[in-house]
Amino acid sequence: MIGISMTGSPSQIEWAERIRAEVGAEFDRVASTLKSVALRQSRTKRTGTEAIIGILEEKRAVVMSRHQAGYFIREWQEISDQVRKLIAEDVRVQAIKAGWPQRQNSRAATEEKQMNIRPLYDRIVVKRSEEQETARNGIIIPDSAKEKPQEGTVIAVGHGKRLDNGTLVPLDVKAGDRILFGKYSGSEKKLDGTEYMIIREDDVLGILDGAVQSAGA
């Protein structure tokens, strides 16, 4: 809804317009994740996810058409997971998910659900790819001597990078992407018995095309 004139004091309007841009970016991020998920689902679940995307766009139109500066300042100043919650609480979405098989088809989705961490800003939670057993001249290399792979699956991402002017820039990577990252990037954390890497988007060297895994089903 480009061109909407907000109501409020000049300072409120300036503040609300920044927040509104961040809200739009968050809607884009959630929509992109859902579209990526739909590409790897069964026909039944894909139809349901596409219907959820339609509901998401319906709610986006309602939110972005609001012209009161106070609405964005009051309701959206802390975005958190508000967009996801907005659609999750919709009775139509609940009905769609209730009709889905209970078995999780996505390993990444299961891990994300079990994790008790939500990365902030431009941070990314990554699960390394499985290490392949290596042998040299018939000798098995012990785990302590193996070099850990700089490849992994994105499990969760923050909302974006905050620029000096306060603008929040959404990340290019999303949950489910398989990425390459720098050798000395980030830090390792053990969560629920599983080791993860927490890195920043600047540490991501590239996304492996054709190797994306579903992040939610």
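The values are calculated or read from the model by the stated rules, or taken from the named source; none is laboratory data. As the structure is a prediction and not an experimental result, all values here were calculated from the model. Glycine gets a Cβ as well: all are built from the backbone with ideal geometry, and neighbour counts include every protein chain shown.
Tabulated values for the structure
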item: Those helices (runs of 4 or more DSSP H) lying entirely in segment 10-78 with at least 3 residues touching a residue at least 12 places away in the same chain (Cβ under 8 Å) and surrounded by fewer than 16 Cβ atoms within 10 Å (Cβ to Cβ); result: 10-38, 43-64
item: Out of ILE87, ILE2, sole residue that is in contact with a helix residue (DSSP H, G or I) (Cβ under 7 Å, 6 or more places away or on another chain) and either part of a loop (DSSP other than H, G, I, E, B) or at pLDDT below 90 (or both); result: ILE87
item: Segment 159-192 - residue that is without any contact (Cβ under 8 Å) to a residue 24 or more places away in the chain and in a loop (DSSP other than H, G, I, E, B) and, of those, farthest from VAL125 (Cα to Cα); result: ASN165
item: Qualifying residue in segment 60-80 (condition: within 16 Å of GLN94 (Cβ to Cβ) and not hydroxyl-bearing (Ser, Thr, Tyr)); result: no
item: SER42 vs. criteria of a type in the set (Ser, Thr, Tyr) and farther than 22 Å from ALA156 by Cα; result: yes
item: Scope segment 154-174; condition of a type in the set (Lys, Arg) and under 9 Å from the mean Cα position of the chain (by Cα); matching residues; result: LYS174
